[in-house]
1. Restricting to segment 113-144, name every residue that is in contact with a Lys or Arg (Cβ under 8 Å, 6 or more places away or on another chain) and of a type in the set (Phe, Trp, Tyr).
2. Any chance segment 211-226 includes a residue that's within 16 Å of ligand 1 (Cβ to nearest atom) and at pLDDT below 95?
3. Quick check on segment 158-169. Is at least one of its residues within 23 Å of the chain's Cα centre (by Cα) and touching a residue at least 12 places away in the same chain (Cβ under 8 Å)?
4. Restricting attention to segment 54-72, report how many residues are near ligand 1 (Cβ under 9 Å from one of its atoms) and either assigned to a loop (DSSP other than H, G, I, E, B) or under 19 Å from Thr90 (Cα atoms) (or both).
5. Scan segment 129-147 for residues that are at pLDDT 95 or above and either more than 21 Å from Ala220 (Cα to Cα) or more than 16 Å from ligand 2 (Cβ to nearest atom) (or both) and report the count.
6. Give me the pairs, please: first residue somewhere in segment 77-105 and in contact (Cβ under 8 Å) with a residue 24 or more places away in the chain, second residue anywhere and of a type in the set (Phe, Trp, Tyr) and not in a loop (DSSP other than H, G, I, E, B), beta-carbon distance under 9 Å, and either six or more positions apart or on two chains.
7. Checking Lys217 against (1) over 29 Å from the mean Cα position of the chain (by Cα); (2) closer than 20 Å to Ser14 by Cβ; (3) free of Cβ contacts under 8 Å to residues at least 40 places away in the same chain, only one condition comes out false. Which one?
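The values are calculated or read from the model by the stated rules, or taken from the named source; none is laboratory data. All of these numbers come straight from a predicted model, not from anything done at the bench. Cβ: placed from backbone, ideal geometry, glycine included. Neighbour counts: every protein chain shown.
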Amino acid sequence: MNIHEYQGKEILNSFGVRIQRGIVAHNAQEAVNAAKELTEQTGTGWHVIKAQVHAGGRGKGGGVKLAKNLKEVEEIARNIIGMDLVTPQTSAEGKKVHQVLVAEDVYYPGENEPEEYYMSVLLNRSTGRNMIMYSTEGGMDIETVAEETPHLIFTEEIDPSVGLLGFQARRIAFNLGLSGTAFKEMVKFVSSLYTAFDKSDSSLFEINPVLKTSDDKIMAVDAKVTLDDNALFRHKDYAEMRDIREENSTEVEAKKVGLNYVALDGNVGCMVNGAGLAMATMDLIKQAGGEPANFLDVGGTADAKRVEEAFRLILKDDKVEAILVNIFGGIVRCDRVAQGIVDAYKNMGDAINVPIIVRLQGTNADVAKKLIDESGLGVHSAVQFQEAADKVQEVLS
Ligand code: GDP
Ligand code: MN
């Protein structure tokens, strides 16, 4: 589950990670009040107004602006709230901004120049260990750094049995070229950041930039935090951070009816039972010259009601040109699924306006094929995987 920057910072702060302080505002007046309150807390009269949407690259899209007085706070907040923010990470339509974070300006001048670093914490899937990835090249697109100057990206892998060790935190501070106060601050920052990652059951922290202020404080200026959905039952307060306005509406609906649905960009909808078969089906679609429009696991109980819900979900996506149903009848009987498809088809009438290819394999597959073939509906049935692929190819061309 993704959360907003301000929520990510709240989590970091609760574990003692230093953050750029801020207050959320839903309209221009709230933004002005927030700025006044922050000035009392921090003593700074300058603020940054930051759009809160689940997408990075907000700065480039005009979603992060510096305000030097309250009048500017008001103007900028009024412009940003309600806008459709387009960034390199959103669609061309952009994302509607419902709220902004009014934050203290931390790029104030002083003894040293402020410096930006990159830092993320994530799982290295090939070693099965968490790692801290960091770079001196902060504030930039990390993909570009990885492509053009890969030697400037460092990693530190953490042994789960002992956690992050002191020498590792010091190595990070050293590799970032720090000394003195900033070095000590970075060691503290990294240690508390890793504790936060571990204790919050997160699957990703991306802090870009981590800032060294002109007076050598180290803090998180941005925070992209992804929480592990499967651990949310342990964190009721984090679960409440969900903002469904930011999520794909079909995915949200699927969750409500208990279907595992992930929207993708292709043209062939798929309805499958079991995640492994679903992935194999997506490969099959690609081989047949199509692109999967979604991942959908209907689970073990593919009755008429469920099949109908699944069809409705798939058809919400108007890129879908065909639907491939691929069900293995292990626990569920194929003829029951076939009946479910026929019933759903009849119930939905004209709502199903694309060809459907059905492959049922397993218990009572023959009965199921007969049921579909004799239903008189525009459904193509197949028994073999290859047959289903050929039919997909046929209806797409
Ligand atoms: P992103 O563009 O979505 O990654 O949003 P960030 O939170 O990373 O902010 C984008 C950029 O805004 C940062 O890289 C900074 O250069 C700038 N920025 C953020 N906070 C401040 C601030 O307090 N003062 C100034 N002057 N610039 C800031
Ligand atoms: Mn950023």
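1. Of everything in segment 113-144, just one residue is in contact with a Lys or Arg (Cβ under 8 Å, 6 or more places away or on another chain) and of a type in the set (Phe, Trp, Tyr), namely Tyr117.
2. no
3. At the first step, the residues of segment 158-169 found to be within 23 Å of the chain's Cα centre (by Cα) are none.
Within segment 158-169 (the criterion being within 23 Å of the chain's Cα centre (by Cα) and touching a residue at least 12 places away in the same chain (Cβ under 8 Å)), the answer is no, since none of the residues qualifies.
4. 10
5. 4
6. Here the result reads Gln99/Tyr6; Leu101/Tyr6; Ala103/Tyr6, each pair linking segment 77-105 to a residue that is of a type in the set (Phe, Trp, Tyr) and not in a loop (DSSP other than H, G, I, E, B).
7. Going through (1) over 29 Å from the mean Cα position of the chain (by Cα); (2) closer than 20 Å to Ser14 by Cβ; (3) free of Cβ contacts under 8 Å to residues at least 40 places away in the same chain one by one, Lys217 breaks only (3).
Conditions tested, residue by residue: (1) out of contact with any Ser or Thr (no Cβ under 8 Å at 6 or more places or on another chain); (2) of a type outside the set (A, V, I, L, M); (3) buried (at least 21 other Cβ atoms within 10 Å of the Cβ).
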| position | (1), (2), (3) |
| --- | --- |
| Ile323 | yes, no, yes |
| Gly330 | no, yes, no |
| Gly349 | yes, yes, no |
| Asn353 | yes, yes, no |
| Ile356 | yes, no, yes |
| Ile372 | no, no, yes |
